[in-house]
Amino acid sequence: MKVPLPDIRLAQVLEAFDLPLLDAQAVGGGFSGARVWRVKTAREQWVAVRCSELVDAESLDRGIAISRWMIFAREHGCDWAPGLWKVKFSQRAAAAGDYLLLQPDGIWKVEAWMPGLPVPATPSPTQLQNAFAMLQQLHQTARSWALDEASAFGVPGNGGLRLAVSTSPGLQRRLQIGQQLQSEELARLLANAAKDPDSDFRRLAEQLGRVLKQRLNSLVAQLQDLATRSFSLQPVLRDLWYPHVLFSGDHVTGVIDWNAAASDHPAFDYSRLLASWYGPQAIHQLPEHWTKLDRRLFEVCLEATLLLSPVTWLSRRCSNAVLRPAFNPQMMDRFRRLVEQATQLPGLP
C-alpha cells in the first residue's frame with residue numbers, strides 16, 4: 001500500500017505497535033499540544049493514536065502509571081476504558097513500559113477508538129444515573145489499583161498516582177491561580193483583551209472580567225479555607241468533561257483522554273463533568289452519600305471550575321500584548337459557553 005506523505009511518520013510509529021496503517025484522519029488535540037489521529041488499520045481496526053510532548057521524567061513515570069491503571073480498569077469490568085496496544089517486542093528497547101513508545105518527537109500511545117458520542121446538552125436522567133455509576137466504578141477501581149501498585153512498587157513507582165490523606169493539589173493550584181489574578185494578572189489580561197481585533201472576543205472578555213471582579217475575592221477566600229485541610233486523595237482523571245464521556249443510547253460506552261490523571265479528590269471529576277453539562281445548576285446534581293466536608297469541597301471546586309476555566313482561554317490568547325491568530329469557530333464557541341456559564345452563578349446582578 002502506498003502511504004500518503006503526511007502519514008509516513010504515522011505509519012512508521014504504527015509499525016512499532018504491529019498495526020499496519022490503512023487510513024488516518026487528524027482529529028486535533030488540546031492545550032497540552034498533543035496530536036491525535038483516528039486511524040483505520042489494514043486489519044479493519046479503528047484506533048486513536050496520540051503523540052504527547054515529553055516534558056520530564058516525572059511526567060513520563062505518570063504516563064506509564066496511567067497506562068497500567070487503564071489496563072487494570074478494563075481487566076476489572078470497566079469496559080468503557082479504552083484498551084491499549086503494546087509495543088511489539090522488536091521495538092521494546094525504545095518503549096517506556098509496555099504501552100508507550102519514546103521517539104524524538106514525543107511519546108506515542110495507541111488506544112482503541114471507543115464507540116458512542118458525547119452528550120453536549122443536559123443528559124437524560126438515565127444517562128446521568130449511568131454516568132454516576134461509571135464514576136463510582138472508576139474511582140473504586142482506582143483505589144484498588146493504587147493499593148496493588150503500592151504493594152508492587154511502593155510510593156515512588158506509581159508516577160504519583162497513589163492513595164493519601166493530605167491537602168489537595170487541585171485546591172492549591174486553583175488558589176495560586178486566583179491569587180495571581182488578584183495581583184494584577186487579571187487587569188493585565190483584560191487590558192490585552194481590550195486590544196483584540198475580534199469584537200465578539202472583546203465583548204466576552206469584558207463580560208468575564210466583570211464576573212471575576214465580583215466573585216474572585218470570595219472564591220480565593222473559600223479556597224484558602226479548604227487549602228490547608230486534609231482529604232482522602234486517590235487517582236482521578238481531572239479532565240473529565242462532556243466530550244470525554246461517550247454514550248450509546250443511555251449507556252456509557254467510552255471514557256477517553258486519561259492523560260491528565262493524578263492523585264486528588266473525586267470531587268474534581270464530579271465538578272468538572274457536571275459543570276460541563278449543567279453549569280451552576282450542577283450544585284443540585286451531586287450524589288447524597290458524600291460527607292459534609294466532601295460536599296463543601298465539591299461546591300468550591302464547582303465555583304472554581306466555572307470561574308477559572310474561561311480564564312485559561314483568556315490567558316492563552318492574551319498572556320502578552322502580541323496579537324495571536326483569532327480563535328477558530330469551535331474554540332470561540334467553547335469560550336462563549338464557558339463565559340455564559342460563569343455569568344449564571346447565583347448572586348450576580
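General remarks:
- Residue in the stretch 165-175 that is part of a loop (DSSP other than H, G, I, E, B) and either touching a residue at least 40 places away in the same chain (Cβ under 8 Å) or not small (Gly, Ala, Ser) (or both) present: yes
Per-residue answers, yes or no, for (1) free of Cβ contacts under 8 Å to residues at least 24 places away in the same chain; (2) open to solvent by less than 30 Å² (accessible area, probe 1.4 Å); (3) aliphatic (A, V, I, L, M); (4) touching a strand residue (DSSP E or B) at 6+ places or on another chain (Cβ under 7 Å):
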position: 235; (1), (2), (3), (4): no, yes, no, yes
position: 243; (1), (2), (3), (4): no, no, no, no
position: 248; (1), (2), (3), (4): no, no, no, no
position: 267; (1), (2), (3), (4): no, yes, yes, no
position: 296; (1), (2), (3), (4): no, no, no, no
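- Residue match in the stretch 34-57 (condition: open to solvent by less than 50 Å² (accessible area, probe 1.4 Å), modelled with pLDDT under 85 and part of a strand (DSSP E or B)): no
- Scope the stretch 307-331; condition more than 19 Å from the chain's Cα centre (by Cα) and in a helix (DSSP H, G or I); matching residues: 317, 318, 329
- Residues being under 21 Å from residue 299 (Cβ atoms), open to solvent by less than 40 Å² (accessible area, probe 1.4 Å) and of a type outside the set (Gly, Ala, Ser) are entirely absent from the stretch 252-262.
- Cβ separations smaller than 6 Å between residues 6+ apart or across chains give the following pairs from the stretch 322-342 residues that are surrounded by 14 or more Cβ atoms within 10 Å (Cβ to Cβ) to residues that are of a type in the set (Val, Ile, Thr): 342/211.
- Residue check: residue 225 meets all listed conditions (1) under 25 Å from the mean Cα position of the chain (by Cα); (2) under 24 Å from residue 263 (Cβ atoms) but one, namely (1).
The rows are residues; the columns are (1) out of contact with any Lys or Arg (no Cβ under 6 Å at 6 or more places or on another chain); (2) farther than 27 Å from residue 65 by Cα; (3) buried (at least 22 other Cβ atoms within 10 Å of the Cβ).
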residue: 121; (1), (2), (3): yes, yes, no
residue: 127; (1), (2), (3): yes, yes, no
residue: 135; (1), (2), (3): yes, no, yes
residue: 140; (1), (2), (3): yes, no, no
residue: 145; (1), (2), (3): yes, no, yes
residue: 148; (1), (2), (3): yes, no, no
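- Subset of the stretch 312-321 that is of a type outside the set (S, T, N, Q) and either at pLDDT 95 or above or surrounded by fewer than 19 Cβ atoms within 10 Å (Cβ to Cβ) (or both) - its residue that is farthest from residue 300 (Cα to Cα): 321
- So residue 215, is it open to solvent by 10 Å² or more (accessible area, probe 1.4 Å), basic (Lys, Arg) and at positive phi: no
- If you filter the stretch 73-101 down to residues that are open to solvent by less than 50 Å² (accessible area, probe 1.4 Å), modelled with pLDDT of 95 or more and outside any loop (DSSP other than H, G, I, E, B), you find that the one that is nearest to residue 114 (Cα to Cα) is 84.
- Conditions (1) part of a helix (DSSP H, G or I); (2) farther than 30 Å from residue 326 by Cα; number of the one not met by residue 181: (2)
- Residues satisfying the stated conditions in the stretch 258-306, i.e. assigned to a helix (DSSP H, G or I) and among the polar types (S, T, N, Q): 271, 276, 281, 305
- Residues (assigned to a loop (DSSP other than H, G, I, E, B) and free of Cβ contacts under 8 Å to residues at least 60 places away in the same chain) located in the stretch 184-199: 194
- Close pairs from the stretch 7-31: first within 14 Å of residue 45 (Cα to Cα) and at pLDDT 85 or above, partner open to solvent by less than 80 Å² (accessible area, probe 1.4 Å) and among the acidic types (Asp, Glu), Cβ under 8 Å, at least 6 apart: 21/7; 24/7
- Residue within the stretch 225-233 that is hydrophobic (A, V, I, L, M, F, W, C), part of a helix (DSSP H, G or I) and open to solvent by less than 10 Å² (accessible area, probe 1.4 Å) present: yes
The values are calculated or read from the model by the stated rules, or taken from the named source; none is laboratory data. Given the structure is predicted, the values throughout are model-derived calculations rather than measurements. A quick note on method: Cβ atoms are made from the backbone with ideal geometry, for glycine too, and the neighbour counts reach across all protein chains shown. These accessible areas exclude ligands, DNA and RNA; they are computed on the full protein's heavy atoms, side chains included. Shrake-Rupley method; radii C 1.70, N 1.55, O 1.52, S 1.80 Å.
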